[in-house]
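This report refers to the structure that appears directly beneath it.
Readers should treat all values here as calculations from the given coordinates under stated rules, not as data from a laboratory. Note that the structure is a prediction, hence the values are computed from the model and not measured. Every residue, glycine as well, gets a Cβ built from its backbone with ideal geometry; the counts of neighbours run over all protein chains shown.
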Amino acid sequence: MPTPPIDPTTTSAWQALSEHESTLRPDLRTWFAEDPERAQRLTLQVADLTVDLSKNLVTDETLALLARLADDVHLTDRFEAMLRGEHINVTEDRAVLHTALRRPADAEPPLVVDGQHVDDDVQAVLGEVAEFAEKVRSGEWTGVTGEAVRTVVNIGIGGSDLGPVMVYEALEPYVAPELEVRFVSNIDPTDLAQKTQDLDPTTTLFIVASKTFTTLETLTNARLARQWLWDSLLAGGHIADTDEARRDAVAQHFVAVSTALDKVADFGIDPANAFGFWDWVGGRYSVDSAIGTSLAIAIGPDAFGELLDGFHAVDEHARTTPVARNVPFLMGLLNIWYVNFLGAHTHAVLPYAQQLHRFPAYLQQLTMESNGKSVHWDGTPVTTQTGEVFWGEPGTNGQHAFYQLIHQGTRLVPADFIAVATPAYPLSDGGTDVHALFLANFFAQTKALAFGKTADEVRAEGTPEEIVPARVFSGNRPTTSILAPALTPSVVGQLIALYEHITFTQGVVWGIDSFDQWGVELGKKLAMEIAPAVQGDTAALAAQDPSTRALIEKYLELRG
Ligand SMILES: O=P(O)(O)OC[C@H]1O[C@](O)(CO)[C@@H](O)[C@@H]1O
């Protein structure tokens, strides 16, 4: 029987936080003025990440109460239960062991879960992925004409796409110059068509990445890619028009990553060219499993190992640091404060690093597929708001788009600002260090959000009285600043693990199962039921509700 969830609203800490909130008057100007140590005290270190929490709308008392809430819901016990491999994914009766994917090879004591020697299995697959990646990188792995691979196309969606593409973009300076990885995810045929239209089939390797190997989008794209490969190899005269030649082409140009190796074989990919993982790795937690094979090829197995080490450093911090100094736990608890006590509906993540431009999209799946739930893990309804909407764009682009609302809108939008000190491309504009100019914006934005600008300050600039209100900045808009030395593989791993554990913390407080995703099922099922109607089956069309039927009819009319 799973441990029953604790309704957080019934804890004494929750009551105390409610009372505290009703009397708290956030005032960052005064708090900083009266407490010269605030910035230093509330700036914490996790691995290479310096995390400044001081511009959040909290006092020491708020943080102490949030830590008490963590105690009341047994946050650290549950984290340890996850690391041990207890079945904390209750609705799927599964362990949740993404942290095992980055344990060092010599970790002690060995992790054995449900009879499985987890460390041995993880290391075995890592070894296979590394060996394969080296073969591709060295040119030992060739296509049907004996040419080395130049382009890897990862076909996957959700966790089998977002993590790899995000990390690939983040670590672009580490990618071997002679290699390129492209990512096909959408079942919109445009995606595959655009990503293959200029490719040479003789130097292209497809990786079909799917945990379940049943996902409609991925399997459809994999079949389209296989057809493209056959057609273009035939058109170029590279293979004979025989089944055997087609089979050989697939063997040399397709590999797979999946937990379902039997289904990989059914597709026609040799299981010898498939890399496995396990049902205790959630899709959105899988970039550090064999799902990262495209990355291991692109950046090399050593850099991939550094990425894993970065994850592990944050796992260790989370495991060993008391809640009061535990960065992911505190950031998760701050999110609880904003969502459940201050009424925030969304959370912005704003990387001041162009290479992290896919990080917000990656976090959307991680956070929202994990914590967008309305029932506790035992099926009882939640009694609080859960899962806020995560969103964002890199700075400074966002500054010229939506920051207006964050600065002066009526909604509270807590925001995480992420920057790195050393740019990959240190350019200078007539003697001005452009990255320094870029980061001046990073520092300025959090300052403006925290301290604002009063009416008197606006007037002192000679502003006509009637425009003064429009030019006032209230301040007290909460931000967390995260600063890393550089965007190394380790730092990227650290950032991902940080947000994994923030997400975990929120899920534990809310008493929900952050590791299932039943909410994606209904739409998938209906799409399969509706597909015949969209292809002209009149009975299927007649079975639809009036709105859906009319829309399909309009679509059919437009398609002509
Ligand atoms: O890796 P798979 O099994 O193809 O699934 C892809 C994605 O689909 C989902 O199941 C949601 O539909 C995600 O959780 C997952 O990351």
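Using the structure shown, list the pairs from LYS211/LYS524; LYS135/LYS524; LYS525/LYS554 with a Cα-Cα distance above 27 Å, or answer none.
Exceeds cut-off: LYS135/LYS524.
List, in order, the whole-Hz ³J(HN,Hα) value for each residue of the range 419-427 obtained from phi through the Karplus relation with A = 6.51, B = -1.76, C = 1.60 and θ = phi - 60°; use x for Gly and Pro.
These are the phi-based 3J(HN,Hα) values: 9, 10, 7, 10, x, 6, 10, x, 9 Hz.
Can you give the relative contact order of the chain as a percent, counting alpha carbon pairs under 8 Å and 6+ residues apart?
Computed over the chain, the figure is 19 percent.
Quick one: if you take sqrt(5λ) for each eigenvalue of the C-alpha gyration tensor of the range 59-143, what semi-axes come out, biggest first, whole angstrom?
Those come to 37, 18, 12 Å.
Placing +1 on the Cβ of each Lys and Arg and -1 on the Cβ of each Asp and Glu in the range 114-156, which of GLY127, THR145, GLN116 has its Cα farthest towards the positive end of the resulting dipole?
Result: THR145.
Could you work out [θ]222 nm for the chain from helices alone, using -39500 (n - 2.57) per DSSP H run of at least four and dividing by all its residues? Round to the nearest 500 deg cm²/dmol.
-13500 deg cm²/dmol
Sequence neighbours fewer than 8 away in the same chain don't count; with that in mind, list the lysines whose C-alpha is under 20 Å from LYS453.
Filter leaves LYS55.
In terms of modelled amide H atoms, which long-range or inter-chain residues lie less than 5 Å from the amide H of VAL389?
When sequence neighbours closer than 5 places are left aside, the close amide H contacts are THR346, HIS347.
Can you compute 3J(HN,Hα) from phi for each residue in the range 473-483, using the Karplus curve 6.51 cos²θ - 1.76 cosθ + 1.60 with θ = phi - 60°, rounded to whole Hz and x for Gly and Pro?
Running phi through 6.51 cos²θ - 1.76 cosθ + 1.60 with θ = phi - 60° gives 10, 5, x, 6, 9, x, 9, 10, 10, 10, 10 Hz.
Using the scaling law 2.2 N^0.38 Å as the reference, what is the normalised Cα Rg of the chain?
Details: Rg = 25.6 Å, N = 560, 2.2 N^0.38 = 24.4 Å.
Compactness ratio reported: 1.05.
Rounded, prolate or oblate: which one fits the range 336-378, using the alpha carbon gyration tensor with axes a ≥ b ≥ c (rounded when a/c is under 1.5, else prolate when a/b beats b/c, else oblate)?
Oblate, since a/c reaches 1.5 and b/c is not below a/b.
Which of the peptides 222-235, 245-258, 422-435 is most tightly packed, and how do the rest follow, judged by the mean count of other Cβ atoms within 10 Å per residue?
Those peptides, ordered most packed to least, come out 245-258, 222-235, 422-435.
Hey, can you grab everything whose amide H is under 5 Å from the amide H of VAL375? Only 5+ residues off in sequence or another chain; H modelled, so Pro and N-termini drop out.
VAL382
Could you run the Karplus curve 6.51 cos²θ - 1.76 cosθ + 1.60 with θ = phi - 60° over the range 13-22 and give me ³J(HN,Hα) per residue in whole Hz, x for Gly and Pro?
Couplings: 5, 4, 4, 5, 5, 4, 5, 4, 5, 5 Hz.
For the range 379-454 and the range 467-516, write down the distance between their C-alpha centroids in whole Å.
Here the two parts' Cα centres lie 11 Å apart.
Computed over the Cα atoms of the range 428-484, what is the ratio Rg over Rh, Rh following Kirkwood?
Working: Rg = 15.2 Å, Rh = 13.3 Å.
My calculation puts Rg/Rh at 1.14.
Once amide H atoms are built 1.01 Å from N in the peptide plane, which residues 5 or more positions from VAL208, or in another chain, come under 5 Å H to H?
The answer is ILE155, VAL255, ALA256, VAL257.
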